[in-house]
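I have placed the structure first, in the form of structure tokens, so that the comments after it can refer back to it.
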Amino acid sequence: MPDQRGRGAAHRIGPRLLWQGPGADDLADAGTRQRTAQRLARAAQAPADCGSLLVQAMVLHAMLRKHLARVQQYIAYGLLHDLNATCRGVIRTALVPHSRHHGWHHLPDEVGHTARGRKCLTELTQALTSPPVPTVAQAYEAPDRIVRLAQQIAPHAVGSPADEISAYRACQQPEEGLV
């Protein structure tokens, strides 16, 4: 079966190197494939930390703004859901870092037994009850909420990327006509 470039796909045996772009025909040797697979497995097993979740929130917010500006409501809906899941991740990672659960089901039981946990759940509930497709102005609330919660429950996570967060906020100020 021909691929996009018109050559037969049957000529390819094995995965390409991850860092090769489209059109590269060199296949990875067995050793490189094995090392790459091991690194990917370690990265997938590494527990999330609040700092990386904050970076994730900033990236998701930038994508959300872009799709809102393009009036791509379905994509914006999905990105807002991802931002809310990132908020959940920050809460769970900071308050119950060794949780065996990753979804929404056990969250109230795990974090709701302390006053700080209940406050976080209240913030998360406010996020979940906001419009499913926000305006650009409403979209700014999501990363601000995540950073604010992280400052309260994991200040060490906000301290290391503080300059990056400030720079991101300065670059992402609402543009005229988009609010």
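The table that follows gives values for the structure above.
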| quantity | calculated |
| --- | --- |
| Order of exposure, largest accessible area first, which applies to Arg65, Arg70 with probe 1.4 Å | Arg70, Arg65 |
| Asp109 accessible area, assembled protein chains, probe 1.4 Å, Å² | 120 Å² |
| Sequence-separation-based contact order of region 81-156, relative, with Cα cut under 8 Å and 6+ spacing, percent | 44 percent |
| Gained length - Asp49 relative to Ala137, 0.36 nm times residue gap less alpha-carbon distance | 28.9 nm |
| Percentage, to the nearest whole number, of Cα pairs in region 91-170 over 16 Å apart | 57 percent |
| Most to least packed among 140-150, 84-94 [average Cβ atoms within 10 Å] | 84-94, 140-150 |
| Extension gain (nm, one decimal) between Ala62 and Leu128, 0.36 nm per residue minus Cα-Cα | 21.8 nm |
| Cα-based shape type of region 29-167, given that a ≥ b ≥ c are square roots of the gyration tensor eigenvalues and the cut on a/c is 1.5 | oblate |
| Calculated FRET efficiency for the pair His102/Ala37, C-beta based, R₀ 25 Å, to 0.05 | 0.65 |
| Over region 40-94, volume per residue of the alpha carbon convex hull, in Å³ | 80 Å³ |
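The values are calculated or read from the model by the stated rules, or taken from the named source; none is laboratory data. Bear in mind that the values here come from a model prediction, so they are computed numbers and not experimental data. Glycine gets a Cβ as well: all are built from the backbone with ideal geometry, and neighbour counts include every protein chain shown. Ligands, DNA and RNA are excluded from the accessible area calculation, which covers all protein heavy atoms including side chains. Shrake-Rupley method; radii C 1.70, N 1.55, O 1.52, S 1.80 Å.
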